[in-house]
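K.L.:
Below is the structure I would like to discuss, written out as structure tokens.
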Amino acid sequence: MINSEKIKQIIKGLGADLCGIASVDRFKDAPEGFRPTDIYPECKSVIVFLKRTPKSSVYAVNCIPYTFVNSMIMNIIDNLTIEILYKLEELGIRCVPIPSDDPYEYWEADKSYGRAILSLRHAGYLSGLGVLGKNTLLINDVYGNMIQIGAILVDIQLKADPIVTYEGCINSCRICIESCPQKALGGKTVNQALCRPLSTYKHEKGYILKKCNICRIECPNAFRIKNF
Ligand code: SF4
Ligand code: SF4
């Protein structure tokens, strides 16, 4: 019988470190046009999974190792998404994949603002995989913010996981906000126009480099939630 536990077992067996499930009604506060049912009207549940990102990349002062790991982990999550689709399809479940990052259509050129078809960090929160920090990243109790998220929309009702209530941010902490060289963080949102020149720096040879990860790695909870 197909149930939440069986699906999580399959997904972890394929390589995910964690998997959570959100019922579709939890996305009612998402912007119109960016809810799971706006992507797939038959969607009943959202399966969210993640892989931890190797810590090794953050010790370098050169941006290339971090850019490399970031790019590879996105590919790994996207490949995992495809593997999960094959398995769920074999079980007769209709599903729709969400890319771990690009591509997306929504773009406000004047603000350099893009919006994914589904916010994966919010999906992670709504499926019990973590809480949102002031750096706008999902923070998981075990893996901190060093995670890459994927999601699949399915047409079956699955038991949802409880939303977690642990504290992601230390009360008075403002390290990420104050250490951002672009002053791009407001505590709940990131000004993409300010962040992009460093986080998606265009090299003259055409590469996109992650020249900044300060808000991620300076966070005291980057690698796990301390004292949890
Ligand atoms: S990646 Fe860098 S520039 Fe962008 S919000 Fe974080 S600290 Fe600021
Ligand atoms: S640096 Fe501090 S304020 Fe920013 S996300 Fe981490 S704990 Fe929260």
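Nothing in this text is a laboratory measurement; each read-out follows from the coordinates by a stated rule. Fair warning: this is a prediction, and the values are worked out from it, not measured in the lab. Please note: Cβ atoms are built from the backbone with ideal geometry, for glycine as well, and neighbour counts cover all protein chains shown.
K.L.:
What relative contact order, as a whole-number percentage, does the stretch 30-139 give when Cα pairs under 8 Å and 6 or more residues apart are counted?
P.N.:
On the way: 87 pairs, mean separation 25.2, N = 110.
Value for the stretch 30-139: 23 percent.
K.L.:
Taking the Cα centre of each part, how many Å lie between the stretch 1-77 and the stretch 145-180?
P.N.:
11
K.L.:
Oh, and also: For the residue pair residue 101 and residue 115, what label-to-label distance in nm results when each label sits 7 Å from Cα along the Cα-to-beta-carbon direction?
P.N.:
My value for the distance between the label points is 2.1 nm.
K.L.:
Say each of residue 155 and residue 191 gets a label point 7 Å from the Cα, pointing the same way as Cα to Cβ; how far apart are those two points in nm?
P.N.:
According to this spin-label approximation, the distance is 4.6 nm.
K.L.:
Going by average Cβ density within 10 Å per residue, which order do the peptides 181-192, 34-45 take, highest to lowest? Please report the intermediate quantities before stating the final value.
P.N.:
Details: 181-192: 14.8, 34-45: 17.9.
Top to bottom by mean Cβ count within 10 Å: 34-45, 181-192.
K.L.:
Here's another thing I want to ask about it. Find, among the chymotrypsin sites (Phe, Trp or Tyr not before Pro) in the stretch 142-209, those assigned to loop by DSSP (not H, G, I, E, B) with at most 13 other beta-carbon atoms within 10 angstrom.
P.N.:
Numbers: sites: 143, 166, 201, 207; in loops: 143, 166, 207.
Those satisfying the criteria are 166, 207.
K.L.:
Is the stretch 61-129 best put as rounded, prolate or oblate by its Cα gyration tensor, with a ≥ b ≥ c the root eigenvalues, rounded for a/c under 1.5, and otherwise prolate when a/b is larger than b/c, oblate when not? Show your work: numbers first, answer last.
P.N.:
Numbers: a/c = 2.07, a/b = 1.36, b/c = 1.52.
Since a/c reaches 1.5 but b/c is at least a/b, the shape of the stretch 61-129 is classed as oblate.
K.L.:
Can you tell me which of 80, 129, 14 moves the most in a GNM of the chain? Springs connect C-alpha atoms under 10 Å apart.
P.N.:
Among 80, 129, 14, the largest GNM mean-square fluctuation belongs to 14.
K.L.:
Past 18 Å, Cα to Cα, is the threshold; run 55/210; 8/51; 6/28; 8/28; 51/183; 111/134 against it and keep the listed order. Don't skip to the end; give the middle numbers.
P.N.:
Values: 55/210 15 Å; 8/51 14 Å; 6/28 27 Å; 8/28 24 Å; 51/183 29 Å; 111/134 21 Å.
Listed pairs above 18 Å: 6/28; 8/28; 51/183; 111/134.
K.L.:
Measure off 7 Å from each Cα along the Cα-to-Cβ vector at residue 72 and residue 25, then give the distance between these two points in nanometres to one decimal.
P.N.:
4.4
K.L.:
Among 109, 191, 31, which residue has its Cα furthest toward the positive end of the charge dipole of the chain, with +1 on Lys/Arg Cβ and -1 on Asp/Glu Cβ?
P.N.:
It is 191, whose Cα lies furthest towards the positive end.
K.L.:
Over the chain, what is the mean sequence separation of C-alpha contacts under 8 Å (at least six apart), divided by residue count, expressed as relative contact order in percent?
P.N.:
Working: 429 pairs, mean separation 55.6, N = 228.
The value is 24 percent.
K.L.:
Going 7 Å from the Cα of residue 108 in the Cα-to-Cβ direction, what parts of the stretch 170-209 have a backbone nitrogen less than 20 Å from that spot?
P.N.:
Under 20 Å, as judged by backbone N against the label point of residue 108, lie 182-200 of the stretch 170-209.
K.L.:
Report Rg/Rh for the chain, rounded to two decimals, where Rg is the Cα radius of gyration and Rh the Kirkwood radius. Spell out each step's value before the answer.
P.N.:
Details: Rg = 17.4 Å, Rh = 18.3 Å.
Reported Rg/Rh (Cα atoms, Kirkwood Rh): 0.96.
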